[in-house]
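Structure, as structure tokens:
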Amino acid sequence: MPKKIDHEERKENILRTALSVFADEGYRDSNLSLIAEKAGISRPTIYQYFHDKDEIYYYAVKLVTGRLFTKYSLIAWEDDGSDEIERMHRILEDIIDTAKENEDALVNLMDVMIGAKREGVDFADVIHHRTAKLSILFRRLIRQGIANGTIKNVDIDKAADAIFNLVELQCFQIAFFRTFDKDAAMTLIDSYLESIKA
């Protein structure tokens with residue numbers, strides 16, 4: 001009887017292997033043959049899942065952001081008695097915790113982005129597109145907080161961008177600095193959240 005294949009598990013294994021190969025070899029010098037060899041599968045098998053290495057990178061970003069957005073949507077709209085500031089705090093803290101727990105994968109993603117940028121490939125649009133939902137979520141929470149009187153009447157777009165930039169900065173620090181201090185990061189984020197609180 002043929003062995004049943006878990007296609008999502010195989011796809012994620014290809015993804016993890018590819019990110020490691022990208023980080024070790026550089027994005028330009030990586031190829032699907034090397035990824036297949038390191039993943040312990042044939043090159044035609046990789047083609048069943050991905051057409052090229054760009055598609056692997058796009059999938060990595062889509063997978064991570066999709067899972068996180070689903071989780072954060074639940075936090076944002078749960079009816080637990082917390083206000084919008086408290087819910088944003090929980091979301092932002094979870095983003096930082098998730099980034100810290102997955103530091104190696106985050107470093108690999110950043111390495112790929114930097115290496116690809118040097119080679120003329122810019123993934124900024126992909127990242128922006130995949131994280132736009134999070135910015136929209138912050139905007140909706142701020143708008144709701146203003147309506148509920150828990151947040152000052154602030155420029156919603158600027159406040160959401162500031163929150164997004166703060167958490168993005170913390171993720172970059174996790175990837176690049178071994179001395180990352182979560183308490184200091186949350187103090188900075190909470191200072192901003194406090195500044196928009198009504």
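Within the set F180, F164, the sole residue that is crowded, with 16+ Cβ neighbours inside 10 Å and not in a helix (DSSP H, G or I) turns out to be F180. Close contacts from the range 164-177, counting a first residue that is at positive phi and a second that is among the β-branched types (V, I, T), with Cβ to Cβ under 8 Å and a gap of 6+ residues or different chains, come to none at all.
Scanning the range 19-51 for residues that are under 19 Å from E103 (Cα atoms), among the aliphatic types (A, V, I, L, M) and without any contact (Cβ under 8 Å) to a residue 40 or more places away in the chain yields a single hit, V21. One residue alone among A18, A23 is touching an Asp or Glu at 6+ places or on another chain (Cβ under 6 Å) and not charged (D, E, K, R), and that residue is A23. Which condition breaks for H129 when tested against (1) under 30 Å from F22 (Cα atoms); (2) open to solvent by less than 50 Å² (accessible area, probe 1.4 Å)? Evaluating H129 over (1) under 30 Å from F22 (Cα atoms); (2) open to solvent by less than 50 Å² (accessible area, probe 1.4 Å) leaves (2) as the failure.
I need the full set of residues from the range 29-58 which are at pLDDT below 90, of a type in the set (D, E) and either more than 23 Å from I127 (Cβ to Cβ) or in a helix (DSSP H, G or I) (or both), in order please. Listed by number, the residues that qualify are D54, E55.
Scanning the range 141-161 for residues that are assigned to a helix (DSSP H, G or I) and either open to solvent by 30 Å² or more (accessible area, probe 1.4 Å) or free of Cβ contacts under 8 Å to residues at least 12 places away in the same chain (or both) returns R143, Q144, I146, A147, N148, I156, D157, K158, D161.
Within the range 105-123, identify whether any single residue is part of a helix (DSSP H, G or I), farther than 19 Å from G66 by Cα, touching a residue at least 24 places away in the same chain (Cβ under 8 Å) and open to solvent by 80 Å² or more (accessible area, probe 1.4 Å), and answer yes or no. Checked the range 105-123: no residue is part of a helix (DSSP H, G or I), farther than 19 Å from G66 by Cα, touching a residue at least 24 places away in the same chain (Cβ under 8 Å) and open to solvent by 80 Å² or more (accessible area, probe 1.4 Å).
Residue count for the range 44-61 under the criterion of being surrounded by fewer than 14 Cβ atoms within 10 Å (Cβ to Cβ) and farther than 12 Å from A18 by Cα: the result is 4. So which residues in the range 76-97 are assigned to a helix (DSSP H, G or I) and open to solvent by 30 Å² or more (accessible area, probe 1.4 Å)? W77, E86, H89, R90, E93, D94, D97 - these are the residues of the range 76-97 that are assigned to a helix (DSSP H, G or I) and open to solvent by 30 Å² or more (accessible area, probe 1.4 Å).
The values are calculated or read from the model by the stated rules, or taken from the named source; none is laboratory data. Keep in mind that this is a model prediction, so the values were computed, not measured. Please note: Cβ atoms are built from the backbone with ideal geometry, for glycine as well, and neighbour counts cover all protein chains shown. With ligands, DNA and RNA removed, areas are computed over all heavy atoms of the protein, side chains included. Shrake-Rupley method; radii C 1.70, N 1.55, O 1.52, S 1.80 Å.
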